[in-house]
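First up is the structure itself, then whatever we jot down about it.
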Amino acid sequence: MGSNDFLDVMQELVAFVRVAEAGSFSAAARAQGVTPSAISRQVARLEKALGLALLQRTTRQLRLTDAGLAVLEHGRAMVAAARATLEVAEGHVGVPRGRVRLSAPKAFARQVLHQPVLDFLQRYPEVDVHFLVQDRPVDALREGVDLVVRLTDDPPPGMVARALCPVQQWVVASPAYQAAHPPVHTPDDLMAHSCIALGEQERDGRWRFVRGDEAVEVAVSGRYTVNHSEMRLAAVEAGLGIGCMPDFGAREAVAAGRVVRLLADWTFDTRYQGTAYLLFAASRHTAPKVRALIDHLVAALGPGTQTA
């Protein structure tokens, strides 16, 4: 294959990069909105054109060959360059239009971002939003995502970070549970109670609290463990115990008196708190569709818009 023939396999090269990054034909097909067999045929055509085997296919997984690794490195660069070219072109178009890919953690997406995104779609009828709701870390550049929301105190280098809102973890109980059980004045008191924990990692059963220079870690246990904040809140309201959850999920229930916040003078120190940042690649030519969504979310959720 001659170097001048690269245009004939650009679509196949993009398909190969998507498969390599997704780890399977089916995952890449879902992202592209096509069938796995169509993606497989594109990769096969690329291998035939190059005269190289790029993937080793087994019943359980795909592995890149040495040649595949080399092609992937250059393919990613070409895909990124093509995307940057499109963004430059879009940057010269005044009206926001096209599709924006946004990723955010599940609870924050459902309880905080969903309504502002719906409002954005009403306001900008020529912009579509592909909302990826997932708790795993997302690499915006590698995965072709325009905007990533991450809860952190240390935004990653190389990305522009716009603060949306602070996120704390609250410890809450129902008034009925409080009335029937000993009071909770210090973190150590929790050891005598049924606590509803996250349960994703072993350390989720050890709750750490900080107040000034003082730090306390207690081992908690209870009858119910569930990694869904709305379900933990429902269990707390049902009187099953004391639960931990993000403040944005408990705020309405506290205001309505369905639950009561405990240990408010302590900070519940966990990986699920910090500041919710909107992350995106630094660029001189941010597309109007992306800029519009950034501005909309910052205006809806940014500093000065949160109420206690």
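Here, each number is a calculation from the coordinates, and none is a lab measurement. This is a predicted model, so every value here is computed, not measured. With ideal geometry, Cβ positions are generated from the backbone for all residues, glycine too; neighbour counts draw on all protein chains shown.
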Completion exercise
Whole-Hz Karplus couplings 3J(HN,Hα) for the stretch 248-258, θ = phi - 60° and coefficients 6.51, -1.76, 1.60, Gly and Pro as x, run 5, x, 9, 4, 5, 5, 5, 4, 7, x, 6
Exercise for the section: Mind putting a number on the dipole of the chain about its Cα centre? Charges go on the C-beta only, +1 for Lys and Arg and -1 for Asp and Glu, and I need it in Debye to the nearest 20. Expected result: 800
Problem - chymotrypsin sites (Phe, Trp or Tyr not before Pro) restricted to the stretch 208-266 and DSSP loop, no more than 12 other C-beta within 10 Å - result: none
Completion exercise
Treating only Lys and Arg (+1) and Asp and Glu (-1) as charged, each at its beta carbon, one finds that the stretch 39-183 has a dipole about its Cα centre, in Debye to the nearest 20, of 560
Handout entry: Within a Gaussian network of the chain (alpha carbon springs, distance under 10 Å), most fluctuating of 61, 11, 111
Key = 61
Practice task
Enumerate the residues in the stretch 272-299 having an amide nitrogen under 17 Å from the point lying 7 Å beyond the Cα of residue 139 toward its Cβ.
Solution key: 280-282
Completion exercise
Taking Cα pairs closer than 8 Å and at least 6 residues apart, the relative contact order of the chain in percent is 21
Exercise for the section: Could you check the simple spin-label distance between residue 123 and residue 53, using points 7 Å along Cα→Cβ, in nm with one decimal? Expected result: 5.4
Completion exercise
Relative contact order of the stretch 82-193 (C-alpha contacts under 8 Å, at least 6 apart) in percent is 27
Handout entry: Dipole of the stretch 142-203, positive end: most advanced residue of 195, 173, 157 [Cβ charges, Cα centre]
Key = 157
Fill in the blank from the handout: Length-normalised contact order of the stretch 173-296, Cα under 8 Å, at least 6 apart, in percent, tallies to 30
Exercise for the section: Tell me which label goes with the value of Cα extents along the principal axes in Å computed from the coordinates here: (i) 58, 51, 32; (ii) 53, 42, 37; (iii) 78, 48, 36. Expected result: (iii)
Handout entry: Where trypsin sites (Lys or Arg not before Pro) fall in DSSP loop in the stretch 247-293, at most 10 other Cβ within 10 Å
Key = 284
Practice task
Please name which of 35, 51, 61 has its Cα lying farthest along the dipole of the stretch 29-79 towards the positive end, using unit charges on Cβ (Lys, Arg +1; Asp, Glu -1) and the Cα centre as origin.
Solution key: 35
Exercise for the section: State the extension gain, in nm to one decimal, for the chain segment bounded by residue 168 and residue 114, taking 0.36 nm per residue of separation less the distance between their alpha-carbons. Expected result: 17.5 nm
Practice task
Calculate for the chain the 222 nm mean residue ellipticity that helices alone would give, adding -39,500 (n - 2.57) per DSSP H run of length 4 or more and normalising by residue count, nearest 500 deg cm²/dmol.
Solution key: -11500 deg cm²/dmol
Problem - Simple Cβ-charge dipole of the stretch 115-189, Lys/Arg +1 and Asp/Glu -1, about Cα centre, in debye nearest 20 - result: 100
Problem - Candidates 228, 285, 181: whichever shows maximal mean-square fluctuation once the chain is modelled as a Gaussian network with Cα springs under 10 Å - result: 181
Practice task
Within the stretch 126-231, list the GluC sites (Glu not before Pro) lying in a DSSP loop whose Cβ has at most 16 other Cβ atoms in a 10 Å radius.
Solution key: 126, 200
Exercise for the section: Compute the whole-percent fraction of alpha carbon pairs in the stretch 117-168 spaced more than 16 Å apart. Expected result: 54
Fill in the blank from the handout: Within the chain, the percent of DSSP beta bridges that are antiparallel, given to the nearest 5, stands at 70
